[in-house]
Ligand code: HEM
């Protein structure tokens, strides 16, 4: 009855403002996807908080740049929420008959996996997270020696941290080629970004060089994690996620391998690129370290640094949902199966949500003295404008782990090092995730007072 009433009052899909493709200006050429977040930002300013874009004769994407409307999407996402999986990844699974883990699962099957994993990842977090501390210490010791190739070192750090969290330190006894794995995982993202511009189905059908390059890296990285998991299952696992999952006996050995590949691939680009942005903003804003040293609650301040990094540089630049049935968003009816993209970069830069949005200001996240929900320089309407890990039942499984790793890294840097940025005019570009448009260069000195 409630739904019926909403439906009769709601406006039709066709009345959502339609962005004209010819509006893409020369500054976005020759590859508009690199600056998709800027194009999207401009379009929200022109068309408003919701607009649609034609991507085929009968298919439109709906873009949402308003916290309230995002909340409405999550409220109506249904029992088994679905997000967008890059087409190249599903074509690979179909073409080679490969079964994959939680990312690719849908419906009750997906819910069963989450039901088993949520208690481990959300209810008893301290079990494994601190296993990653020494991986971070190794990263910093390496950077202290030579801060070049920061991107590559952070990628290996992210993979090594996830593997240590899963297997405990014993995985280091196995000859796992971290550099090779990391290069393949990175290549999967690089080639997926290129395949997004084309028809992945067609590229796979014709087995083009691009497709073969992508497929070889997927095959190699799956093989490497399968072999590693098999080897780890042979020996005793004393600590780490695997030891708990084994004790519970709820996943088969094959499922454990699928899970390991998913976790490693999910963590590499997201954690490493957020850490890259965080190091860049710390190096570009030396006053942050002075504030940290004078803070009465430095741990809270570190949380704000991570939150502020996500606000300005959300690596998951667009969150996605597929409407499970007809839903009402912003007063418009969206049909079943509609692809919805939530504009996280745009919302993080909305001046009505965040005072001086272009300024890196961690203390904006501090609760005001009155004890109200409001924070300095953050409007209460912005509640759904910075949700870097998504929201609801399908949100990131390892949010707590990622936050722990990033906060630990920030604290160690602030306690022990002075960073100086050697870059100018760093902007974000999109290559599946939001990354810097140039290599990040820093000078790193051990702080004399430590
Ligand atoms: C900065 C770090 C990270 C960010 C920003 C991030 C972000 C996200 C986002 C946006 C989603 C989709 C959420 C949605 O649609 O509502 C997701 C899903 C997921 N993430 Fe993360 N993630 C991070 C780190 C990690 C790490 C370290 C792991 C594993 C160790 C991981 C494992 C997963 C998995 C398994 C899913 C799929 C969950 C499902 O489909 O039910 N993520 N993540």
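Read the figures in this text as sums done on the coordinates, not as results from a lab. Remember, it's a predicted structure, so these values are computed and weren't measured experimentally. We place every Cβ from the backbone using ideal geometry, glycine too, and count neighbours over all the protein chains shown.
Pull out the extension gain between residue 122 and residue 201, defined as 0.36 nm times the separation in residues minus the alpha carbon to alpha carbon distance; nm, one decimal.
That pair, residue 122 and residue 201, stretches by 24.7 nm at full extension.
Please compute the Kirkwood hydrodynamic radius of the stretch 26-68 from all pairs of different C-alpha atoms, in Å with one decimal.
By the Kirkwood definition, the hydrodynamic radius is 11.4 Å.
If the chain between residue 130 and residue 13 were fully stretched, how many nm would it gain, using 0.36 nm times the residue separation less the Cα-Cα distance?
37.2 nm
Where does each of 93-100, 376-383, 132-139 land if you order them by average Cβ count within 10 Å, highest first?
Answer by packing, highest mean first, reads 132-139, 376-383, 93-100.
What is the fewest-to-most order of 291, 265 by other Cβ atoms lying within 10 Å of their Cβ?
Ordered from fewest to most neighbouring Cβ atoms within 10 Å, 291, 265 come out as 291, 265.
Taking 4 °C and 1.567 mPa s as the conditions, I'd like the Stokes-Einstein D for the stretch 203-336 in µm²/s, using the Kirkwood hydrodynamic radius from alpha carbon pairs.
66
For the stretch 118-164, take the convex hull of the Cα atoms, compute a quarter of its surface area, and give me that in nm², please.
So the Cα hull casts an average projection of 3.5 nm².
In whole Å, what are the Cα extents of the stretch 221-263 along the three principal axes, biggest one first?
Principal-axis extents of the stretch 221-263 (Cα, largest first): 26, 19, 15 Å.
How long is the gain from residue 443 to residue 400 if the chain were fully straight, where each residue apart is worth 0.36 nm and the alpha carbon distance is subtracted?
12.5 nm
In the P(r) worked out for the chain, what percent of Cα pairs fall beyond 33 Å?
38
Give, in whole angstrom and from largest to smallest, the semi-axes √(5λ) of the equivalent ellipsoid of the stretch 82-215, with λ running over the eigenvalues of the Cα gyration tensor.
Working through the eigenvalues yields semi-axes of 30, 24, 12 Å.
Under 20 Å from a point placed 7 Å out from the Cα of residue 99 along the Cα-to-Cβ direction: which residues of the stretch 223-252 have their backbone N that close?
Answer for this model: 223-234, 242, 245-252.
What percentage of all Cα-Cα pairs in the stretch 165-232 are separated by more than 16 Å?
Result for the distance tail: 53 percent.
Using only the Cα atoms, what convex hull volume per residue in Å³ does the stretch 227-297 have?
That works out to 146 Å³ per residue.
Using only the Cα atoms of the stretch 374-425, construct the convex hull and provide its projected area averaged over every direction, in square nanometres to one decimal.
That works out to 6.3 nm², a quarter of the Cα hull's surface.
By counting other Cβ atoms within 10 Å of each Cβ, how are 64, 327 ranked from fewest to most?
Placing the least packed residue first, the sequence is 327, 64.
In nm, to one decimal, how far is the modelled label at residue 379 from the one at residue 227, with both set 7 Å along Cα→Cβ?
5.5
Quick one: compute a quarter of the convex hull surface over the Cα atoms of the stretch 347-450 and quote it in nm².
9.4
Evaluate Rg over Rh across the stretch 166-281, taking Cα atoms for both radii and Kirkwood's formula for Rh.
Expressed as Rg/Rh, it is 1.04.
Could you give the radius of gyration (one decimal) and Dmax (whole number) of the Cα atoms in the stretch 257-363, in Å?
Rg and Dmax of the stretch 257-363, Cα atoms, are 18.0, 53 Å.
Compute the relative contact order of the chain as a whole-number percentage, counting only Cα pairs closer than 8 Å that sit 6 or more residues apart in sequence.
That works out to 24 percent.
As a test, work out the antiparallel percent of DSSP beta bridges whose residues both lie in the chain, rounded to the nearest 5.
That works out to approximately 80 percent antiparallel.
Arranged by the count of other C-beta atoms within 10 angstrom, fewest first, what order do 281, 264 take?
281, 264
Within the stretch 406-435, what residues put their amide N at less than 15 Å from the label point 7 Å along the Cα-to-Cβ vector of residue 84?
Only 430-434 pass the distance filter.
If packing is taken as the mean number of other Cβ atoms within 10 Å per residue, what is the order of 317-325, 419-427, highest first?
In descending order of packing, they fall as 317-325, 419-427.
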